[in-house]
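Asks: Right, I'll just put the structure down here and ask away after.
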Amino acid sequence: MSGTTQIVVVGGGLSGIMAAITASRPGAEVILIDEQEQMGGWQRTSIQKIDNPPDVLEGYRGYDSTSYGRRVLEQSSIDCRNRSVVWGLFEDRTIAVHGPEGAYQLRPDKIILATGSTEIVWPFAGWTLPGVMTARAARAFMHLHYVLPGRRVAVIGRGADADQLQADLEAAGASVVSRFQTPDGVEAGGDGAVEWISVEGEREAVDAVVLALGSLPDPELARHAMADLEYSAANGCHVPIRNAHMQTSVEGVYVVGDAGGCVTAAEAAAQGYVAGFAATDSDELATAMSALADAVQARGPHIDVGDAARIPDEVQVDREEQVIAACIRDAIQSGAVSVNDVKRKTRAGMGASQGRDTEYVIARMIRVQTGITLDQLVPMTARPPARLVALADLAQMAAAVD
């Protein structure tokens, strides 16, 4: 290790793969960590061609790009660690990892966070029933496991991604029998699983409901590192502040891809190139910066996926902690003026997802009742563990450190 830069890349999606490959080229010791069985992220489930890609991905579809990335990784010196989660990022770039070999810590010279995004979910009557799923889950059923998520499907969502999801479902043999632009006023029901969906009393028999409501950046580990944040109108949430080289306010910690703000596949790959070269002080950084400039696409302001005032009182907003909308409204009425206030008063956001499924909705409920704007509502405090870790594994790590 003496004289060799060690770089840990967290996240094996397209941006993480490209960052790892790029960082390894100048001779850095690179470790690529991902929680899935295979590298590739959600692009593994995409059958769409990548628009305006880097030359090496020209003509590739999403799943092709990840196959290419895995082939390059196999031929490289990169230490790829699948089925491993980074559950905490602490002072001095110390990261806590749990994988097949147990729990351990790393303290690399540089960290590139490519932790991707999470899909937006919005509560409506019946949304916790089996058979209600997100777009990525539906694509995983179809394109990874070759199973239809349902034969009669309702799609909720607007925009190009929802349109493409409908096309994917129909190409696979499903019938999209209902399409709703937003979840407002939607009700799903059934005996133990979704069997029907309705709006304003008009019922349609379905066996699956798919939410295609877009996605949100997942910068939780950057927040663990205390990176400075700013509100992004394009994403509808706070994101890490980065310089032109993708470095956050914390020296040696970079954020690329959707984790820093949802971007196209081409831009995610280009950000990975930039961070990889920047972290190794490569002479090729200028070329990577030019490629990133070519890949950037302007985005309009984020449009809320639903009206928080129309969420029924009896519907669970946090299904892990089983907190209903009425409970959150009561907390706001009694003085909760931040997402953290609501969390403390109701436990919403204290479950295994650490608020990833609820923070978006709670912030908009606060805005409706108080008039506080989203840019003033700081994110829920991020604390380890970012993923579930057994106490026995923590004890093992503590013993190793001692």
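The values are calculated or read from the model by the stated rules, or taken from the named source; none is laboratory data. Please read all numbers here as calculations on a predicted model, not as lab measurements. Reconstructed Cβ throughout: ideal geometry from the backbone, glycine too, with neighbour counts over all protein chains shown.
Asks: Counting only residues that are surrounded by 14 or more Cβ atoms within 10 Å (Cβ to Cβ) and assigned to a loop (DSSP other than H, G, I, E, B), how many does the stretch 274-311 have?
Replies: Final tally of qualifying residues: 11.
Asks: Let me ask something else about it. Could you give every pair whose Cβ atoms fall below 7 Å, whose first residue belongs to the stretch 178-189 and is in the same structural domain as P130 (by TED's automatic domain parsing), and whose second residue is of a type in the set (S, T, Y) and not in a loop (DSSP other than H, G, I, E, B), counting only separations of at least 6 or pairs across chains?
Replies: Within 7 Å, the pairs are E187/S198.
Asks: Under the condition of being within 18 Å of the chain's Cα centre (by Cα) and closer than 19 Å to A392 by Cβ, which residue from the stretch 75-124 is surrounded by the fewest Cβ atoms within 10 Å (Cβ to Cβ)?
Replies: Ranking the candidates gives R83 first.
Asks: Let me ask another. Sort through E119, E195, E170, E187 and tell me the only one that's in contact with a Lys or Arg (Cβ under 7 Å, 6 or more places away or on another chain) and at pLDDT 95 or above.
Replies: Going through E119, E195, E170, E187 in turn, the sole match is E119.
Asks: With respect to E320, is the statement that it is among the acidic types (D, E), out of contact with any Leu (no Cβ under 6 Å at 6 or more places or on another chain) and modelled with pLDDT of 95 or more true? Show your work before the answer.
Replies: Numbers: among the acidic types (D, E): yes; out of contact with any Leu (no Cβ under 6 Å at 6 or more places or on another chain): yes; modelled with pLDDT of 95 or more: no.
Criteria not met by E320.
Asks: Are there any pairs with C-beta distances below 9 angstrom linking a residue in the stretch 15-32 that is more than 16 Å from T115 (Cα to Cα) to a residue that is among the aromatic types (F, W, Y), with the two at least 6 apart or on different chains, and if so which?
Replies: I21/Y273; T22/Y273; T22/F277; A23/F277; R25/F277; P26/F277
Asks: Let me ask something else about it. Can you tell which of G12, G62 is in contact with an Asp or Glu (Cβ under 6 Å, 6 or more places away or on another chain) and not β-branched (V, I, T)? Walk me through it before giving the result.
Replies: Numbers: G62 fails: in contact with an Asp or Glu (Cβ under 6 Å, 6 or more places away or on another chain).
After ruling out the rest, the residue left standing is G12.
Asks: Can you say whether A154 is surrounded by 16 or more Cβ atoms within 10 Å (Cβ to Cβ), within 23 Å of D258 (Cα to Cα) and outside the structural domain of D34 (by TED's automatic domain parsing), as far as the supplied structure shows?
Replies: Taking the combined requirement at face value, the residue does not satisfy it.
Asks: Given the criterion modelled with pLDDT of 95 or more and either within 24 Å of F141 (Cα to Cα) or surrounded by fewer than 21 Cβ atoms within 10 Å (Cβ to Cβ) (or both), identify the matching residue among D64, D51, D55, D34.
Replies: One residue alone meets the criteria, D34.
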